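Data block below; observations after.
We did not get these values from a lab; they are worked out from the coordinates using the rules stated. The model shown is predicted, which means the values in this text are computed figures rather than measured ones. For neighbour counting, all protein chains shown are included, and Cβ atoms are generated from backbone atoms with ideal geometry for every residue, glycine included.
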Amino acid sequence: MSEQERVAGGPLGKLVGKAKQAAGAALGNEDLHREGQLQEVQADAQEEAAEQATEAERKAEEARIEEERAETEAERRKVELEAQEIAAEEEAERKRAEEERVAAQQAQVDKAQAERERLAGEQRAQAKRQEAAAEKGEAKREAAELQREADRAEAAAAAIDPKEEN
């Protein structure tokens, strides 16, 4: 197949494929008609692969944003906890030693809860990143399979009509 006959992808490839089909049908040239069909199928496969890759990237970005959200929320909770600790310490200084001990225990419990929530948020974000990565990998595998199918179809077309290889 010459450089000019190589299958073009994307919208232009699809348009060229349709034009070849129409020209082949109008001229009674079955080879040109088949080539146009093949080119259109390959352009569709490339478009689908690009869409899947874009979707996988979007999901990866969503996972990254979720992770940032979880980190921001954990930091906010940490700042709030620190503010509560300061207030509790000031109150404890004015009250008896027992009240000071109770306030410190409560601050520790709140801090542990905030840490657990932060870790849970990070785990959710990590799971989303892994899911997005898996989906991106699957999209790449599907794109590769679509490309292999297009290559097989092209090889089959070439086997049917070896004249195109000149």
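Here are a few things to note about the model shown:
- Top of E61, E145, E90 by mean-square fluctuation, Gaussian network on the chain, Cα under 10 Å: E90
- For K111, a cut-off of 28 angstrom between C-alpha atoms picks up these lysines, skipping any fewer than 8 places away in its own chain: K78, K95, K128.
- Residue-averaged [θ]222 nm for the chain, counting only DSSP H segments that reach four residues, each worth -39500 (n - 2.57): -33000 deg cm²/dmol
- About its Cα centre, the stretch 1-132 has a charge dipole of approximately 300 debye under the convention of +1 per Lys or Arg Cβ and -1 per Asp or Glu Cβ, with nothing else charged.
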